[in-house]
1. Of all residues in the range 364-387, count the ones that are loosely packed, with under 15 Cβ neighbours inside 10 Å and part of a helix (DSSP H, G or I).
2. Out of all the residues in the range 531-541, is one or more hydrophobic (A, V, I, L, M, F, W, C), assigned to a loop (DSSP other than H, G, I, E, B) and either closer than 19 Å to Ala442 by Cα or outside the structural domain of Cys59 (by TED's automatic domain parsing) (or both)?
3. Could you run through the range 349-363 and say how many residues are over 21 Å from Gly188 (Cα atoms) and either among the hydrophobic types (A, V, I, L, M, F, W, C) or in a loop (DSSP other than H, G, I, E, B) (or both)?
4. For the range 480-511, enumerate the residues that are buried (at least 18 other Cβ atoms within 10 Å of the Cβ), outside any strand (DSSP E or B), touching a residue at least 40 places away in the same chain (Cβ under 8 Å) and not hydrophobic (A, V, I, L, M, F, W, C).
5. Among the listed residues Ile346, Ile355, which satisfies the condition of being surrounded by 20 or more Cβ atoms within 10 Å (Cβ to Cβ), under 25 Å from Gly449 (Cα atoms), β-branched (Val, Ile, Thr) and out of contact with any strand residue (DSSP E or B) (no Cβ under 9 Å at 6 or more places or on another chain)?
6. Name the residue, out of Ala335, Ala319, Ala276, that is over 23 Å from Cys451 (Cβ atoms), assigned to a helix (DSSP H, G or I), within 23 Å of the chain's Cα centre (by Cα) and among the aliphatic types (A, V, I, L, M).
7. Output yes when any residue across the range 362-379 is touching a helix residue (DSSP H, G or I) at 6+ places or on another chain (Cβ under 8 Å), closer than 25 Å to Ile177 by Cα and touching a residue at least 12 places away in the same chain (Cβ under 8 Å), and no when none is.
8. Looking at the range 1-21, which of the residues that are basic (Lys, Arg) and free of Cβ contacts under 8 Å to residues at least 40 places away in the same chain is surrounded by the most Cβ atoms within 10 Å (Cβ to Cβ)?
Amino acid sequence: MMATSYMGKLLWVDLSAQRFRVDQTPEKLQTDFVGGKGFGAKLLYDLTRAGLDPLSPECPLMFLTGPLTATAAPSMRACVVTKSPLTGTYLDSFFGGRFGPEIKYAGYDGIIITGRAESPVYLWIHDDTVEFRSAEGIWGNNALAANDAIKNDLGEPEAMAVTIGQGGENQVRFALISCEYNRQAGRGGAGAVMGAKNLKGVAVKGTQVVNVHDLPAFKQACQQANAAIAESEVCETLTYGGTSTSIPWASLSGVLPYRNYSDQVDPKAEKLGDEAQHKHLFLGKAACFGCPIRCSQMGAVRTGKYAHLITDIVEYESAALIGSNLDIHDIRAVAHLVKLCDEYGIDSMSAGGAIGFAFEAAQKGVINAPEGIRLDFGSVEGAEYLIRSMALQEDELGRLLSQGVKHASEILGRDTEAYAMHVKGLESPAWGPRGTPGMGLAYMTADRGGCHQRGFMIGYEVGGEEYNGQPVEAHTVVGKAEILKGEQDYLAGTDALVKCDFGAFGVSAEIYARLLTAATGRRVDAGFFSELGERIWNQTRLFNLREGFRPEDDRLPRRFVEEALPSGPHKGQRISEEDMTAMRADYYQVRGWDEQGRPTEQTLKKLGL
């Protein structure tokens, strides 16, 4: 048998029956969808029926690797795939660290979990043995404490574990899965799916060897990949300060959320950026498995009210949505709030969006603050209160907000929809699209709702990146669909590997092709990933269409449409209904979809779907 980096097996776990089985990874799945996001897109469609409740026992929760996970290829990760309880869409959420590689060391390309345990359990997977262990003693622990408790219970400190916190247990619709320390599968609520299954954690330890097809060629490709990362200025910047370096730049570029997106310029952005974090937080570096970038900045708060708090870098999205979006500028306080989200196991991005929504609703008199709590922009105590009440379901307001801003605005009424910042129910990420309509189109069409990782058009529109050798005009809607399709296809294709976006700033498609060819024996070229990505993108579209999504769902929040920016380099800009209609029609045409956003028979035939 030809050596390959695939393990050739999928582990299927039924929590209801407390049984498991091991099946061969289907060859056609490998051929047509490669791994990671690709596996997830096909399996989720095939394993679910239309309208399935994401919190039902039947809904699958999948931890999936790619063909380069656990090899020497730099900056590789893994992903969680399920149906989102927040949006009802296809959901994948990517994570770094070491849990993904350990799945392959145990002998599997992925773990697929269904059912619901009668009482809280955690899984202990070591090579070909799967144990269902009681988690009743750790149910109620936060996500990080649960990780420790599982390893102590097993006596296996070297095992890798994923866990949920109280947010997942309480099925907060944007609960995350903690994938070892400071690494999360954060967006869309996979932690709630895990909690609905009475599954507190999954621990894995393996002894298998991950092979490659052509070792000399693979070593050479790895050397090229590492050299490309070392030569990349973007990767060098990420080594220095991670994504925190983007915060001052985003404000200067007029794309940083401020006070629930009422503006996209924050006059105090410097207080949240890399220099402020170097001063108040950073102490040393850490890296995910096999990554030379080392974007983690391990540290601690050293002064003030939150002194001695152990923290990692406060990433751009969290710093922007918990910081500038809430008008909070003490980076030590922001680190504290983000750490609370991590411990409780809720997505700090969606939490920031929900808190911003609540602050504005309170400001407008729609909701009332509890006695002794100030719900207003700038209030650290107000944000802390809401994080706790959402995660622990402490009161009616916390329970309402824990369902996401889309649901909360529908329940509250009183025109709160005007400032409920979401696309398809997923709270908006921290890149304001007014003035960068291509980024708005990316949010409109992303397969998991409002997401900045499905085509980062801001790089073209204000970042100076050229398309076909030409600069891209920021404010026009013309031509953005063509650029975005190329971005989405390539990202989906390389997310089948599963690559880290940061490594991709250095590693080219040609090098990824050499890595995949040498690892698996399958000969591919640089164009392979865009072709693969187009198939994956259409597969996730088919899932969302089956769930009832229509063209009217491919739209932006009302604030981006109705309210022009009051200041900054894009002052006066908004994305009108006419802009959205034009971009959506252009995008559907470029994609080979009909006027209702459905892939045509010709497109499906071309892609083998």
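The values are calculated or read from the model by the stated rules, or taken from the named source; none is laboratory data. Keep in mind that this is a model prediction, so the values were computed, not measured. Cβ atoms come from the backbone with ideal geometry, glycine included; neighbour counts cover every protein chain shown.
1. Total meeting the criteria: 1.
2. If we filter the range 531-541 for residues that are hydrophobic (A, V, I, L, M, F, W, C), which is where we start, we get 532, 536-537.
Next, only the ones that are assigned to a loop (DSSP other than H, G, I, E, B) stay: none.
Looking through the range 531-541, none of the residues is hydrophobic (A, V, I, L, M, F, W, C), assigned to a loop (DSSP other than H, G, I, E, B) and either closer than 19 Å to Ala442 by Cα or outside the structural domain of Cys59 (by TED's automatic domain parsing) (or both).
3. Taking the range 349-363 as the starting set, the residues that turn out to be over 21 Å from Gly188 (Cα atoms) are 359-363.
After this cut, where a residue has to be either among the hydrophobic types (A, V, I, L, M, F, W, C) or in a loop (DSSP other than H, G, I, E, B) (or both) as well, the list is 359, 361-362.
Residues meeting the conditions: 3.
4. Answer for the range 480-511, where residues must be buried (at least 18 other Cβ atoms within 10 Å of the Cβ), outside any strand (DSSP E or B), touching a residue at least 40 places away in the same chain (Cβ under 8 Å) and not hydrophobic (A, V, I, L, M, F, W, C): Lys480, Lys485, Glu487, Gln488, Asp489, Tyr490, Gly493, Asp495, Gly503, Gly506.
5. Among Ile346, Ile355, only Ile355 is surrounded by 20 or more Cβ atoms within 10 Å (Cβ to Cβ), under 25 Å from Gly449 (Cα atoms), β-branched (Val, Ile, Thr) and out of contact with any strand residue (DSSP E or B) (no Cβ under 9 Å at 6 or more places or on another chain).
6. Numbers: Ala319 fails: over 23 Å from Cys451 (Cβ atoms); Ala276 fails: within 23 Å of the chain's Cα centre (by Cα).
That would be Ala335, the only listed residue that is over 23 Å from Cys451 (Cβ atoms), assigned to a helix (DSSP H, G or I), within 23 Å of the chain's Cα centre (by Cα) and among the aliphatic types (A, V, I, L, M).
7. no
8. Here is the first cut: in the range 1-21, the residues basic (Lys, Arg) are 9, 19, 21.
Filter once more, keeping what is free of Cβ contacts under 8 Å to residues at least 40 places away in the same chain: 19, 21.
On the way: Arg19: 12, Arg21: 10.
By that ranking, first place goes to Arg19.
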